[in-house]
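Comments concern the structure below.
The values are calculated or read from the model by the stated rules, or taken from the named source; none is laboratory data. Model, not experiment: these values are computed from the prediction. In this analysis, Cβ positions are derived from the backbone assuming ideal geometry, glycine residues included, and neighbour counts consider all displayed protein chains. What goes into the accessible areas is simple: the full protein's heavy atoms, side chains included, and nothing from ligands, DNA or RNA. Shrake-Rupley method; radii C 1.70, N 1.55, O 1.52, S 1.80 Å.
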Amino acid sequence: SFALTGSAEFSRRYIDGIQAVSKADIRRVADKYLRDSNATVVRMLPAETAKAAAAVPAAAEAGTIRKMELPNGLRILLRRDPKTPSVAITAAILGGLMAETDANNGISNLTAQMLLKGTKTRAERDIQGYVERLGGTIDAFSGFSLFGIKMTVLKPDLPATIDLLRDILGNSEF
């Protein structure tokens with residue numbers, strides 16, 4: 001609208017610009033920005049398992065991806081990126097479309113969404129509000145082979161965020 005953009009033609013120019021984007025443009029931008037070097041991976045350890053903490057080494061150098069499995073079967077991918085002040089956490093659960101049938105199609109997406117609807121100690125608004133007050137984001141996702149939760153917060157908020165994630169995954173009310 002003119003009031004927001006200062007141009008009565010903004011919407012038309014915007015749509016024309018989007019329609020002018022080619023597959024080659026998308027490929028060029030994806031090749032430039034969607035790289036392993038731009039990903040951040042975090043480790044999540046159970047609070048009650050001191051041995052697990054000792055069993056999981058930190059990523060020694062930036063960019064190195066470490067894959068490990070805790071004694072309880074939890075697989076962790078960790079990559080340190082000192083260039084960013086944020087931490088991205090993805091709790092991914094095997095499932096998604098590949099595990100669904102005609103009879104239960106959509107169950108992975110429903111399960112992912114329900115994970116954020118509340119726990120024994122937190123209502124949905126408390127979960128969303130808490131992460132937003134930290135300046136972070138939280139989203140449910142589902143795909144072909146996985147579903148789960150993605151969170152991004154600032155590094156100093158990581159311990160509190162791990163506690164929240166533990167509550168969501170371990171005490172969901174649905």
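Here are some notes:
- Unsatisfied cross-links (Cα-Cα over 27 Å) in the set K23/K155; K120/K150; K67/K150; K67/K120: K23/K155; K67/K120
- Rolling a 1.4 Å probe across the protein heavy atoms gives segment 85-174 an accessible surface of 56 Å² per residue.
- Global form of segment 75-174, assessed from the alpha-carbon gyration tensor, a/c cut-off 1.5: oblate
- Percent carbon-and-sulfur accessible area, segment 62-115, ignoring ligands, DNA and RNA, probe 1.4 Å: 57
- Potential lengthening of the chain between I93 and L77 amounts to 4.4 nm, from the contour at 0.36 nm per residue minus the alpha-carbon distance.
- Volume per residue of the convex hull around the Cα atoms, evaluated for segment 103-150, comes out as 72 Å³.
- Scalar couplings 3J(HN,Hα) for segment 104-121, obtained by applying the Karplus form with A = 6.51, B = -1.76, C = 1.60 to θ = phi - 60°, are 10, 3, x, 5, 5, 5, 4, 4, 4, 5, 5, 4, 9, 7, x, 10, 5, 10 Hz; x denotes Gly and Pro.
- For segment 84-160, the list of GluC sites (Glu not before Pro) that fall in a loop by DSSP and count at most 13 other C-beta atoms within 10 angstrom is empty.
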